[in-house]
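Data first, discussion second: the structure below is written as structure tokens.
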Amino acid sequence: MLTKVIEQAKIDRFARWMGHAERIVIVAHVAPDGDAIGSSLGLWHFLNSQDKTVNVIVPNAFPDFLRWMPGSKDVLLYDHYKEFADKLISEAEIICCLDFNALSRIDAMADAVKAAKGKKILIDHHLYPEEFCDITISHPNISSTSELVFRLICRMGYFNEITKAGAECIYTGMMTDTGGFTYNSNNREIISELLSKGIDKDDIYRKVYNTYSESRLRLMGYVLSQMKVYPDYHAALISLTRNEQGRFDYIRGDSEGFVNIPLSIKDVVFSCFLREDTEKPMIKVSLRSVGTFPCNQLAAEFFNGGGHLNASGGEFYGTIDEAKKVLERALEKFKPLLNAKG
Ligand code: 5GP
Ligand code: MN
């Protein structure tokens, strides 16, 4: 038996909405990752099985390594099909907001979703959700939104309706938000339920993690060769300028996962990745930690961001060198926590 996480009243309310609705839209955050796409498509497959007209809409493109996912070709990109997407959003009876906690995380779609008349449900695992939905299912202690989608479907009594394709999507979201089940991943029960749907976990792992281009691997080698380690702070920094991206034929998603690599150094508990954005004049900041170091606090205090204890991010407006200086100030401030055992 699955332990109960989501409040019963919220499940019952969503089930009632679903019973009456025909048109449902699912939206997920900008620069969608495995969990954003996995949870959206997991829910999409299920709602399709209930004969609903369902559309997944995301603000912009997602990485190539997620394109094998069943249903991914039907995901609508808002920056390409704004008019059509606006119409779907305004006509939807239910809007499911997945894997984000604030309207600002859906970028240009925020206005349309905010103005939409449909009932809104948030299903998410980021801290401090904004109150913009009628039902807010927010569980920061759960490792992925995909897991919450699985829990919601099962608790409504539809485990049998989850198809192999739906299970593949949910599994992928759980896998990518836990670094391939290497952290926050004490959910054996759910994994075995998903496996019972006939999914091939080894094949999914290969499709997500082992289908990169040669230039991506060379980029990784380059980035790591430039890595700076701060032994006194148990920290490491990697970075990527726009110019360097150009030299390695960088495409979106190529640096996915880089930020985790420095954590494989013994005694490094905190890793920072600074990447010049290709579209906006800013530096995207990605932070990861192991153990108790709160990278979300550092993100909030120094990089206008937030996130989870062990995985957070933010933005910096300035040059990479300026961002590095800010990071070094942050390391000094957080030195006691970086040196704490645990
Ligand atoms: P990533 O490093 O994979 O881009 O982001 C990791 C996590 O950090 C995300 O799941 C999200 O919780 C948080 N995060 C990333 N960027 C931002 C940001 O700009 N603002 C806030 N508040 N959180 C972010
Ligand atoms: Mn997520």
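S312: closer than 22 Å to G180 by Cβ, buried (at least 17 other Cβ atoms within 10 Å of the Cβ) and modelled with pLDDT under 95, yes or no?
yes
When only residues in the range 159-181 that are within 15 Å of ligand 1 (Cβ to nearest atom) and modelled with pLDDT under 95 count, which is nearest to N260 (Cα to Cα)?
Top of the filtered list is G179.
Using beta carbons and a limit of 6 Å, which pairs, at least six apart or on different chains, have the first residue in the range 142-158 and farther than 14 Å from C96 by Cα and the second one open to solvent by 30 Å² or more (accessible area, probe 1.4 Å) and among the β-branched types (V, I, T)?
Pairs found: R151/V5.
Would you check if L331 is among the aliphatic types (A, V, I, L, M) and within 24 Å of the chain's Cα centre (by Cα)?
For L331, the condition - among the aliphatic types (A, V, I, L, M) and within 24 Å of the chain's Cα centre (by Cα) - is not met.
Does the range 173-188 hold any residues that are β-branched (V, I, T) and either open to solvent by less than 50 Å² (accessible area, probe 1.4 Å) or touching a residue at least 60 places away in the same chain (Cβ under 8 Å) (or both), and which are they?
Of everything in the range 173-188, those that are β-branched (V, I, T) and either open to solvent by less than 50 Å² (accessible area, probe 1.4 Å) or touching a residue at least 60 places away in the same chain (Cβ under 8 Å) (or both) turn out to be T176, T178.
Condition first: under 15 Å from G306 (Cα atoms), more than 13 Å from ligand 2 (Cβ to nearest atom) and free of Cβ contacts under 8 Å to residues at least 60 places away in the same chain. Now tell me which residues in the range 103-128 satisfy that.
Listed by number, the residues that qualify are L103, S104.
Could you tell me how many of the residues in the range 106-130 are in contact with a strand residue (DSSP E or B) (Cβ under 9 Å, 6 or more places away or on another chain) and either among the polar types (S, T, N, Q) or open to solvent by 30 Å² or more (accessible area, probe 1.4 Å) (or both)?
Residues meeting the conditions: 6.
Would you point out the residue of the range 131-161, among those that are in a helix (DSSP H, G or I) and of a type in the set (A, V, I, L, M), that is surrounded by the fewest Cβ atoms within 10 Å (Cβ to Cβ)?
Looking at residues that are in a helix (DSSP H, G or I) and of a type in the set (A, V, I, L, M), I get I153.
Which of the strands (runs of 3 or more DSSP E) contained wholly in the range 243-342 include at least 1 residues that are among the aromatic types (F, W, Y)?
Qualifying strands (runs of 3 or more DSSP E): 270-276, 311-316.
If you scan the range 245-268, which residues turn out to be open to solvent by 30 Å² or more (accessible area, probe 1.4 Å), modelled with pLDDT under 95 and of a type in the set (D, E, K, R)?
R247, D249, R252, E256
Quick one: F316 ticks every box in (1) within 24 Å of L66 (Cβ to Cβ); (2) within 16 Å of ligand 1 (Cβ to nearest atom); (3) of a type in the set (A, V, I, L, M, F, W, C) except a single one, so which number is it?
Condition not satisfied by F316: (1).
In this structure, is D232 touching a Ser or Thr at 6+ places or on another chain (Cβ under 7 Å) and either within 16 Å of ligand 2 (Cβ to nearest atom) or open to solvent by 80 Å² or more (accessible area, probe 1.4 Å) (or both)?
no
So is V56 open to solvent by less than 10 Å² (accessible area, probe 1.4 Å) and over 20 Å from F150 (Cβ atoms) or not?
The answer is no for V56.
Name the pairs whose Cβ atoms lie under 6 Å apart, with the first residue in the range 90-102 and open to solvent by 10 Å² or more (accessible area, probe 1.4 Å), the second within 16 Å of ligand 1 (Cβ to nearest atom) and not charged (D, E, K, R), and 6 or more positions between them or separate chains?
Cβ pairs passing all conditions: N101/H126; N101/P129.
The values are calculated or read from the model by the stated rules, or taken from the named source; none is laboratory data. Note that the coordinates shown come from a computational prediction; the quantities given were computed from them, not determined experimentally. Cβ atoms come from the backbone with ideal geometry, glycine included; neighbour counts cover every protein chain shown. With ligands, DNA and RNA removed, areas are computed over all heavy atoms of the protein, side chains included. Shrake-Rupley method; radii C 1.70, N 1.55, O 1.52, S 1.80 Å.
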